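Peer 1: One structure follows; several queries about it will come next.
The values are calculated or read from the model by the stated rules, or taken from the named source; none is laboratory data. The shown structure was predicted, so the numbers you read here are calculated from the model rather than taken from an experiment. When we count neighbours, we look across all protein chains shown, and the Cβ atoms used for this are built from the backbone with ideal geometry, even at glycine.
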Amino acid sequence: MPESHRCEKYTGKAYYIDSGTSETRPCHSSCTQCKGPKPTDCTACNLITEVLLNDGHCVNDCPEAFFMTENRTNETKTNICLPCPSGCTRCDGEASCVRCNMDKGFYLQDRMCVPTCNKG
């Protein structure tokens, strides 16, 4: 739809500006904000039930070895998934590991995954 420079009632649908035509186009239905039409173009997701992966997908839960945190900008607030520290398969934050990848030789010590434990 061409730019009309008039106020319109917000319908709750998310849109982006098509760089080729300068027209507004709807975001993928999984996004609340986006930079394009694909499900990997999301920049914000439903705060109540979803988190944004670093590849632009909105999902219900963070995958293994990631943790959820809130991301705020001036225009938006969304939950995002960030990677756990190296060797960690489950964490509560960027410096708070709960479970380590023992198959790769990591052990939990003081909420961090280490390749070898200190004596004692």
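Peer 1: Does Arg6 satisfy the criteria of being modelled with pLDDT under 90, basic (Lys, Arg) and more than 19 Å from Thr78 (Cβ to Cβ)?
Peer 2: When the stated conditions are applied, Arg6 passes them.
Peer 1: Tell me yes or no: at least one residue of region 43-52 is part of a loop (DSSP other than H, G, I, E, B), among the small types (Gly, Ala, Ser) and out of contact with any Asp or Glu (no Cβ under 6 Å at 6 or more places or on another chain).
Peer 2: For region 43-52, residues part of a loop (DSSP other than H, G, I, E, B), among the small types (Gly, Ala, Ser) and out of contact with any Asp or Glu (no Cβ under 6 Å at 6 or more places or on another chain): absent.
Peer 1: Also: From the residues in region 23-76 that are surrounded by fewer than 19 Cβ atoms within 10 Å (Cβ to Cβ) and in contact with a Leu (Cβ under 7 Å, 6 or more places away or on another chain), which one is farthest from Cys97 (Cα to Cα)?
Peer 2: Val59
Peer 1: Is it the case that some residue within region 83-93 is assigned to a loop (DSSP other than H, G, I, E, B), in contact (Cβ under 8 Å) with a residue 12 or more places away in the chain and farther than 30 Å from Lys119 by Cβ?
Peer 2: No, because not a single residue in region 83-93 is assigned to a loop (DSSP other than H, G, I, E, B), in contact (Cβ under 8 Å) with a residue 12 or more places away in the chain and farther than 30 Å from Lys119 by Cβ.
Peer 1: Where residues in region 99-113 are in a strand (DSSP E or B), out of contact with any Leu (no Cβ under 8 Å at 6 or more places or on another chain) and touching a residue at least 12 places away in the same chain (Cβ under 8 Å), which of them is surrounded by the most Cβ atoms within 10 Å (Cβ to Cβ)?
Peer 2: Per the criteria, the residue is Cys113.
Peer 1: Select, from Thr78, Thr89, Thr32, Thr24, the only residue that is modelled with pLDDT of 90 or more, touching a strand residue (DSSP E or B) at 6+ places or on another chain (Cβ under 7 Å) and outside the structural domain of Pro115 (by TED's automatic domain parsing).
Peer 2: One residue alone meets the criteria, Thr24.
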